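The values are calculated or read from the model by the stated rules, or taken from the named source; none is laboratory data. Here the structure is a predicted model, which means the values were calculated and not measured. Note that each Cβ is placed from the backbone with ideal geometry, even for glycine, and that neighbours are counted across all protein chains shown. With ligands, DNA and RNA removed, areas are computed over all heavy atoms of the protein, side chains included. Shrake-Rupley method; radii C 1.70, N 1.55, O 1.52, S 1.80 Å.
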Amino acid sequence: MILSLDTSCYTTSCALVEAGGGVVLDLRLPLEVPPGERGLRQAEAVFAHLLRLPDLVEQAMEEVRRGGWRVSAVAASNRPRPPGDSYLPVFRVSERFGRSLAAALGVPFVAVSHQEGHLAAAWHGGLPDTLLGLHVSGGTTELVRLRGRPPWEIVSLGASLDLHAGQFLDRVGVALGLPFPAGPHLDRLAREEPAGAQELSEGSAGGCPAAGQSPPAVAIPVTVRGCSPSFAGPETAARRLIARGVPPARVARAALLCVARALEKMVLAALRAGEPGTVLVVGGVAASSLVRERLRWRLEHPAVGVRLHFPPPHLCTDNAVGVGRWAWGALGGAPG
Ligand code: KG4
């Protein structure tokens, strides 16, 4: 059994993952963000993780005792992304707790980046040896090439030039009065709005209104250079729509479709550059039903021919399951 930890913005996570990648326990506690706020300062988040993590580790170790298992390694996130200089204070909590626990238990410690954890949470045996990983969350919007199996060799192909997709959605949602993180609320709200005329002409799968009943087209344009999107312009455009009194559900739908269009353009740019046509889509924003639906409709169209793989929504959002799965691979027992 691998005991795995992840202390991200904004979830404290602890999991027990068995050899083969099976999940025995998946514990998570979201950090509380005060109403109207768009996040926490790093010092506040670090302190909140310090208070929460021991409760989760106690529950996990109780489960280990009850099941008569043995912890054979401890794995923890230690940085946002694979490059050595990638750094965010929150991950110091999982790393330091993890190292201490491994030393106390006398077992190996495996450091994993948060991104590697997100990708490995989505891994399954049916994936080809070379594929793309699209990581879309509050802290990352990046397209990478993956080679092998966890622990994959990861090469970045492009990343957000400013705001991340989830950050953009959270800002729009909070401006609409929704709680943080706003993505899931925005996704539900967007479902109240039927597809606009422009979407229908683009072939969106989202709820087809009867002829003559399409709401006025509200689209938020987005720029993507190569595989690198920019969400600063879309944030300004969304704020303008809100100021103009556009109904919240219509703004929500436009914001999510803007993200989906950006992701679509990133993948298409990679395909044009000769990259592989299988894409693993991970991170909290990949939990959006509207984004999934739109990406499937546009990219899996026979004329495009991309094969999309989404993990179940609960493995899109922050978790420690992927950290454990990556660690099994790194220790020589690849998951699956
Ligand atoms: O991967 P994640 O849980 O944490 C980070 O590592 O950032 O992603 C969090 C982001 C937030 O911006 C949140 O609003 C968004 O993912 N999110 C969603 C949904 N669930 C989480 N966005 C749209 N639809 C969802 N269902």
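Tell me whether region 77-131 comes out rounded, prolate or oblate; compute the Cα gyration tensor, take square roots of the eigenvalues as a ≥ b ≥ c, and use a/c under 1.5 as the rounded threshold. Could you put the intermediate results ahead of the total?
Numbers: a/c = 2.94, a/b = 1.53, b/c = 1.92.
Oblate, because a/c is 1.5 or more while a/b does not exceed b/c.
Computed FRET efficiency, Cβ-Cβ of L161 and I242, R0 30 Å: what is it to the nearest 0.05?
Details: r = 23 Å, r/R0 = 0.78.
Rounded to the nearest 0.05, the efficiency is 0.80.
Taking the Cβ of G277 as the center, what net charge do the other residues with Cβ under 11 Å away carry, scoring Lys and Arg +1 and Asp and Glu -1? Please report the intermediate quantities before stating the final value.
Values: positive: R307; negative: E275, E300.
That sum, taken over residues with Cβ under 11 Å, equals -1.
Helix hunt in the chain: which complete DSSP H runs extend at least 27 Å axially by C-alpha with mean Kyte-Doolittle at least 0.0? Spell out each step's value before the answer.
On the way: long enough: 42-67 (36 Å, -0.13); 248-272 (36 Å, 0.94).
Span-like helices, by this rule, are 248-272.
Just for the chain, what percent of DSSP beta bridges are antiparallel, to the closest 5? Can you show the working numbers first?
Details: 29 of 45 bridges.
Bridges in the chain that DSSP calls antiparallel: roughly 65 percent.
Let a ≥ b ≥ c be the square roots of the eigenvalues of the Cα gyration tensor of region 270-323; is it rounded (a/c under 1.5), or, if not, prolate (a/b larger than b/c) or oblate? Walk me through the numbers on the way to the answer.
Numbers: a/c = 3.00, a/b = 1.66, b/c = 1.81.
Here region 270-323 falls in the oblate category.
If you take the beta carbon distance between L268 and F47 as r and set R0 to 30 Å, what does 1/(1 + (r/R0)^6) give as a FRET efficiency, to the nearest 0.05? Let's see the in-between values first.
Working: r = 43 Å, r/R0 = 1.43.
Computed FRET efficiency for L268 and F47 comes out at 0.10.
Among P276, P35, P221, which one shows the highest mean-square fluctuation when the chain is modelled as a Gaussian network with alpha-carbon springs under 10 Å?
Among P276, P35, P221, the largest mean-square fluctuation in the Gaussian network model of the chain belongs to P35.
Counting heavy atoms of the protein chains only and a 1.4 Å probe, report the per residue accessible area for the chain as a whole number of Å².
Details: 13770 Å² over 336 residues.
Result: 41 Å² per residue.
How much FRET efficiency would the formula 1/(1 + (r/R0)^6) give for A19 and D85, where r is the Cβ-Cβ distance and R0 is 45 Å, rounded to 0.05? Each step should come with its number before you reach the end.
Details: r = 32 Å, r/R0 = 0.72.
Here the calculated transfer efficiency is 0.90.
Relative contact order for the chain: what is it in percent, counting Cα pairs under 8 Å that are at least 6 residues apart?
Numbers: 723 pairs, mean separation 79.2, N = 336.
Contact order relative to length: 24 percent.
Pop a pseudo-label 7 angstrom from the Cα along the beta-carbon direction at both E153 and L331 and give the gap in nm to one decimal.
2.6
Could you give the length gained by full extension between V107 and T223, i.e. 0.36 nm per residue of separation minus their alpha carbon distance, to one decimal place? Intermediate results must be reported in sequence, preceding the final value.
Details: separation 116, 0.36 × 116 = 41.76 nm, distance 4.78 nm.
That pair, V107 and T223, stretches by 37.0 nm at full extension.
List the trypsin sites (Lys or Arg not before Pro) within region 242-321 that DSSP assigns to loop and that have no more than 14 neighbouring Cβ atoms inside 10 Å.
Values: sites: R244, R250, R253, R261, K265, R272, R292, R294, R296, R298, R307; in loops: R244.
Qualifying residues, ordered by number: R244.
Within region 253-268, what residues put their amide N at less than 15 Å from the label point 7 Å along the Cα-to-Cβ vector of S289?
Flagged as within label range: 253.
Hull surface divided by four, with the convex hull built on the Cα atoms of the chain: how many nm²? Before the final figure, lay out each step's value.
Working: hull surface 68.0 nm².
Mean orientational projected area (the chain, Cα hull): 17.0 nm².
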